[in-house]
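Structure first, commentary second.
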Amino acid sequence: MTHTKGAIATTSSHSAFYNIIPGALEEGLEAYAICFDRDWALWSQYPKLLEKIHVIRVKHYNDAEKIVGAFNSIEEDVIIVPHGSFVRYLPVKHLKQLTHPIFGGIKILGYEGDRDKNAALLQESNILTPRIFKKPAEIDRPVMAKLHGAEGGKGYFIAANKTEFLAKSKDKQIDFIQEYVNGVSIYAHYFSSPLYNRCELLGFDRRLESNANSQFLPPFIPPTFTVVGNVPIVVRESLVPEFLRMGQNFAAKTGLVGPFCLETIVTPDLKIYVFEFSGRIVAGTTVWVPFGNTYANTLWGEPMYMGKRIAREIKEAFKRDKIANIIVDSPNLEEL
Amino acid sequence: MTHTKGAIATTSSHSAFYNIIPGALEEGLEAYAICFDRDWALWSQYPKLLEKIHVIRVKHYNDAEKIVGAFNSIEEDVIIVPHGSFVRYLPVKHLKQLTHPIFGGIKILGYEGDRDKNAALLQESNILTPRIFKKPAEIDRPVMAKLHGAEGGKGYFIAANKTEFLAKSKDKQIDFIQEYVNGVSIYAHYFSSPLYNRCELLGFDRRLESNANSQFLPPFIPPTFTVVGNVPIVVRESLVPEFLRMGQNFAAKTGLVGPFCLETIVTPDLKIYVFEFSGRIVAGTTVWVPFGNTYANTLWGEPMYMGKRIAREIKEAFKRDKIANIIVDSPNLEEL
Amino acid sequence: MTHTKGAIATTSSHSAFYNIIPGALEEGLEAYAICFDRDWALWSQYPKLLEKIHVIRVKHYNDAEKIVGAFNSIEEDVIIVPHGSFVRYLPVKHLKQLTHPIFGGIKILGYEGDRDKNAALLQESNILTPRIFKKPAEIDRPVMAKLHGAEGGKGYFIAANKTEFLAKSKDKQIDFIQEYVNGVSIYAHYFSSPLYNRCELLGFDRRLESNANSQFLPPFIPPTFTVVGNVPIVVRESLVPEFLRMGQNFAAKTGLVGPFCLETIVTPDLKIYVFEFSGRIVAGTTVWVPFGNTYANTLWGEPMYMGKRIAREIKEAFKRDKIANIIVDSPNLEEL
């Protein structure tokens, strides 16, 4: 069977459940969700939502073969919508076995876990980035260091100078040393649209990090940066044009399709440093569901959030018979 | 006179005015409000709201006899909805003189001011709590201490160890010594529903504490933790199932009816410690009025906030003739 | 031509684009916007909005003569709505050349850049303000000092005492020395309405300042206070009546018309100090667009935000033929 109105498929996660799927339903798309057992305790609490979607149960979130099998068992023509944990648990080998197309293609997903490629792509897009130090000997200013396996803000530390870095990194495996830029971290969210032929700045959020964002961090406890939540924000007016320019540059340079996030630090002299990007929907956009935000709603003249925006593009692609445009891999990106 | 559609009554407060009463009106219930003189300057600014409710003026917020008299003078069958200041100013003796039933019963209100009973109930619900130290001699790690009379975050202090505790507590009456868990404080809000037979996780907020959440806390000023406001947040996706489990456990163990809040600290390694609970609506849920939030709205498929959720349960109880189910005192809780 | 329904005009800015203009459109007013070239890259991304308004392009945002010419070229009867950058780039001389009336009059705009006049007006309104020190010799407590040219939070520093002040201010031109009040900064937003004959407390926000609001401020980096964004908040219930009283006092004393903001610090013992006011719409209210907030919506019984509230007053003035009431300069304010 094939619905002409369009359909999406994804795996269970916070972004899927509270953002991508509500957006798909709001736009009138069919939604298929591969739900892992660890998520079922949560999902089963939402009967009103579940009755509107197609759930395929898979036991383990890291059983890539079963996930591929589940996706490939969907008979309807679906577009697979990736998100953070989707990317983490499906290795390239398995991504390539999927018979349904992936929204935004797969090449960009290869930049997720590779900090050097990630930073290079930002620099090529004429975006201000913190300096990267290849060797400890080069350190000539405060740095943010990331231990091997660091992710989601865990395993990071700040050092004021080379001496402090050497002391703090002793007996540890350091994967990445970046200039420490101090300022307010702001996450800017974009949607690059082949059908509307533009890059949209859809809004901003701020992260809550534990323990850095404790109510109070006593001097006897060192800071850590594990992401535990997100807060809705608006930004200073004079920053908006630069945020827009950066996103447009990045979309033009990479040929990326769909949602992406520039993860920035805004300094006291209003410079915007981008320390990383995500080439997919990120959790911070969930603060906008279901009523959107100032920026997205002004642009669209209606409540708009990232999951709904993704669904809007897919709905339009089905309607205009332009699916090829939204699943294409950019020639500007490296092969996986 | 008796309206078959249902009615509530409460006393004047922020939660009443901006949350409970708007929710009742939205659900089509009659609303009675006992308004104290100190609140009238504020309330009188809202003529559009006042014309929809029944206001009974009482001079002093701590005149328990007059409050009981005012409640008992209501001829319509009302359900009394408690909130923070309601609990504080009506002693048990007077609670028992009320002729109208209280939403969620009265036993749970006895746990509000008693830190030991509060902590015990959490532990019995298989919820991770900070260790409590009965005597200063037992202190073997950083602690959060609460002075006699401390409330709303006032009168707390942190000590790195036993020595610092002894120095800081000199000549002071200490009521409570708890392991200091450092991390981001997140307030999780639930609704335990006898009519829908489930415990709903309705969302989260973060508190603003003065001066701990100052823009900058100079080293020459010690931190204090007086609550001055609340911020809307979403939480890291992998935390949501554990927040749900904790709430469900707590609701099952206590037999509690209606809104409650688990007041937590999320550590850098993503453990969730609950340091206190509130067995009623708390002020942080006011950030959701009137359009709800991601979690509550996904669950209900419509804008939902705590005041409206309370009203929904009461409306259903009137409609299904199940009032007894929502005013019952749990056999699992101690007598007042 | 003259529309009887009313029309506004303003210059391009964040507040204009995301707040004032959407509000005017929602209320059915015509909207004229003088758009500077630096803003066009952003504005041109919003075709759905642009097609609903009249845009007049002006090259430089600081070309006051061209701006006056553009405003005066509007044939329709418009009310000019001022905002932060409007005030900054139109000197008094040019303000007086405008042929269309200004919402709220022009006298209040003269208080924007003058810290002494600003503070005096607050004190005359019986509002608690931090003490001002005219000379360094008078300093007897922690102070916040502002360098010459400081604005938007840039160029501020804290000193614990006179000695530290003298050290930090060496070789610098200090414009303003104020008692340093430590606590949570909360921005309270009001609308003083001649047509509804009341001062409305419409809500609150919190500012994000770089680098003071960094996720973590290492000890080796001194704090700075450049505003980079805003966060939506609600406040502790017992504070609301005092916030209301302060706004009502200020509106009564100044005779001010339209939006204003009291910029406050709430201390741990719940005192509210006002360190500055803005006599116009400020950026923090943009967090409410387009769905309002708890306070404004409870007051109006509908979604309400500052841009819409301004438009509502203007629409009513056109309808009731009361334009004179909303453009009047208060006799209580100093001549420009």
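The values are calculated or read from the model by the stated rules, or taken from the named source; none is laboratory data. Since we're looking at a predicted model, the values are computed, not measured. Virtual Cβ from ideal backbone geometry, glycine too; neighbours counted across all protein chains shown. SASA here: full protein model, heavy atoms, side chains in, ligands and nucleic acids out. Shrake-Rupley method; radii C 1.70, N 1.55, O 1.52, S 1.80 Å.
Just name the residue that is surrounded by the most Cβ atoms within 10 Å (Cβ to Cβ) out of those in region B:13-42 that are assigned to a loop (DSSP other than H, G, I, E, B) and more than 20 Å from the chain's Cα centre (by Cα).
B:L29
Hey, can you tell me all the residues within region A:153-204 that are within 14 Å of chain C (Cβ to nearest Cβ), within 19 Å of C:S44 (Cα to Cα) and part of a loop (DSSP other than H, G, I, E, B)?
Matches in region A:153-204: A:Y196, A:N197.
Please go through (1) under 30 Å from A:G255 (Cα atoms); (2) more than 10 Å from every other protein chain (Cβ to nearest Cβ); (3) surrounded by 15 or more Cβ atoms within 10 Å (Cβ to Cβ); (4) in contact (Cβ under 8 Å) with a residue 40 or more places away in the chain for A:A150 and return the number of the only condition it doesn't satisfy.
(4)
Restricting attention to region A:252-292, report how many residues are among the small types (G, A, S), crowded, with 22+ Cβ neighbours inside 10 Å and more than 10 Å from chain C (Cβ to nearest Cβ).
Result for region A:252-292: 5.
For region B:50-83, give me each residue that is touching a Ser or Thr at 6+ places or on another chain (Cβ under 7 Å) and more than 15 Å from B:T11 (Cα to Cα).
B:E76, B:D77
State all residues of region B:301-310 that are more than 7 Å from every other protein chain (Cβ to nearest Cβ) and surrounded by fewer than 24 Cβ atoms within 10 Å (Cβ to Cβ); if no residue qualifies, say none.
Passing the criteria: B:E302, B:P303.
Could you tell me whether any residue of region C:124-147 is within 21 Å of the chain's Cα centre (by Cα), touching a residue at least 12 places away in the same chain (Cβ under 8 Å) and either closer than 17 Å to C:L336 by Cβ or in a helix (DSSP H, G or I) (or both)?
Checked region C:124-147: at least one residue is within 21 Å of the chain's Cα centre (by Cα), touching a residue at least 12 places away in the same chain (Cβ under 8 Å) and either closer than 17 Å to C:L336 by Cβ or in a helix (DSSP H, G or I) (or both).
Please enumerate the residues belonging to region C:237-247 that are open to solvent by 30 Å² or more (accessible area, probe 1.4 Å) and more than 9 Å from every other protein chain (Cβ to nearest Cβ).
Scanning region C:237-247 gives a single hit, C:E242.
Which of the residues spanning region B:46-65 are crowded, with 17+ Cβ neighbours inside 10 Å and either over 9 Å from B:Y32 (Cβ atoms) or among the charged types (D, E, K, R) (or both)?
Those that are crowded, with 17+ Cβ neighbours inside 10 Å and either over 9 Å from B:Y32 (Cβ atoms) or among the charged types (D, E, K, R) (or both): B:Y46, B:L49, B:V58, B:Y61.
Condition (residue is farther than 30 Å from A:R245 by Cβ, open to solvent by less than 10 Å² (accessible area, probe 1.4 Å), in contact with a Phe, Trp or Tyr (Cβ under 8 Å, 6 or more places away or on another chain) and touching a residue at least 40 places away in the same chain (Cβ under 8 Å)) applied to region A:85-103: is it met by at least one residue?
There is no residue in region A:85-103 that is farther than 30 Å from A:R245 by Cβ, open to solvent by less than 10 Å² (accessible area, probe 1.4 Å), in contact with a Phe, Trp or Tyr (Cβ under 8 Å, 6 or more places away or on another chain) and touching a residue at least 40 places away in the same chain (Cβ under 8 Å).
State which residue is nearest to the chain's Cα centre (by Cα) when the search covers only region A:161-189 and only residues that are more than 16 Å from A:A212 (Cβ to Cβ) and among the small types (G, A, S).
It comes out as A:A188.
Mind checking which residues of region A:224-236 are outside any strand (DSSP E or B), surrounded by fewer than 24 Cβ atoms within 10 Å (Cβ to Cβ) and within 7 Å of chain C (Cβ to nearest Cβ)?
Selection gives A:R236 alone.
From the list B:P223, B:P218, exactly one residue is touching a strand residue (DSSP E or B) at 6+ places or on another chain (Cβ under 7 Å) and without any contact (Cβ under 8 Å) to a residue 12 or more places away in the chain. Which is it?
B:P218
Scan (1) over 22 Å from C:G229 (Cβ atoms); (2) buried (at least 20 other Cβ atoms within 10 Å of the Cβ) for the single condition A:I186 breaks and write down its number.
(1)
For region A:267-318, name all the residues that are under 30 Å from C:P223 (Cα atoms), among the charged types (D, E, K, R) and within 21 Å of the chain's Cα centre (by Cα).
Across region A:267-318, the qualifying residue is only A:E276.
Taking the criterion of being part of a loop (DSSP other than H, G, I, E, B) and among the aliphatic types (A, V, I, L, M), would at least one residue in region B:107-121 satisfy it?
Within region B:107-121 (the criterion being part of a loop (DSSP other than H, G, I, E, B) and among the aliphatic types (A, V, I, L, M)), the answer is no, since none of the residues qualifies.
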